[in-house]
1. Report whether or not residue 7 is over 28 Å from residue 146 (Cβ atoms) and surrounded by 14 or more Cβ atoms within 10 Å (Cβ to Cβ).
2. Here's a check for you: in region 11-26, which residue that is touching a strand residue (DSSP E or B) at 6+ places or on another chain (Cβ under 7 Å) and without any contact (Cβ under 8 Å) to a residue 24 or more places away in the chain is nearest to residue 67 (Cα to Cα)?
3. Considering region 55-68 alone, what residues qualify as being crowded, with 24+ Cβ neighbours inside 10 Å and more than 19 Å from residue 123 (Cα to Cα)?
4. For the structure I just gave you, tell me whether residue 43 is at pLDDT below 95, surrounded by 16 or more Cβ atoms within 10 Å (Cβ to Cβ) and within 14 Å of residue 1 (Cβ to Cβ).
5. Within region 36-55, is there a residue that is assigned to a helix (DSSP H, G or I) and more than 16 Å from the chain's Cα centre (by Cα)?
6. Only residues that are free of Cβ contacts under 8 Å to residues at least 60 places away in the same chain and within 18 Å of residue 102 (Cα to Cα): list them for region 27-46, please.
């Protein structure tokens, strides 16, 4: 995982990156589960300056300002041109931005979809390319929190 310092340390950031990275990391502590998921490049940027190179991550997260609040765009299928990722390409946005509280659930839903639809031995990036974005978009959409729950979480 690569994450820029985000809003906790950078005056340019629209959103915080490190708490998002921590929340995702907290979900994936089981080494057997991580081994089962396989290699994934996950990149988080707190703003469009892209210090975390979100656009080139297999999973990218970009912090955006939406009415003065922190929101996050999630992209899939990006590649930095490495041996693991193949030809360099920017990831594609999988839907409208998500709240900070939703992001870990969205990542979990995306990875669950990958695990359900992958072929034996298939890496995440290869599964995304083979399957396309639609199942992952649906998973992200299904992971959204009801508006009422979001408002309570922010209070």
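1. On the way: over 28 Å from residue 146 (Cβ atoms): no; surrounded by 14 or more Cβ atoms within 10 Å (Cβ to Cβ): yes.
Criteria not met by residue 7.
2. Among those that are touching a strand residue (DSSP E or B) at 6+ places or on another chain (Cβ under 7 Å) and without any contact (Cβ under 8 Å) to a residue 24 or more places away in the chain, it is 18.
3. 61, 62, 63
4. So residue 43 fails the test.
5. Yes.
6. 28, 43, 44, 45, 46
The values are calculated or read from the model by the stated rules, or taken from the named source; none is laboratory data. In this text, all values refer to a predicted model and were calculated from it rather than measured experimentally. Ideal geometry is used to build each Cβ from the backbone, glycine not excepted, and the neighbour counts take in all protein chains shown.
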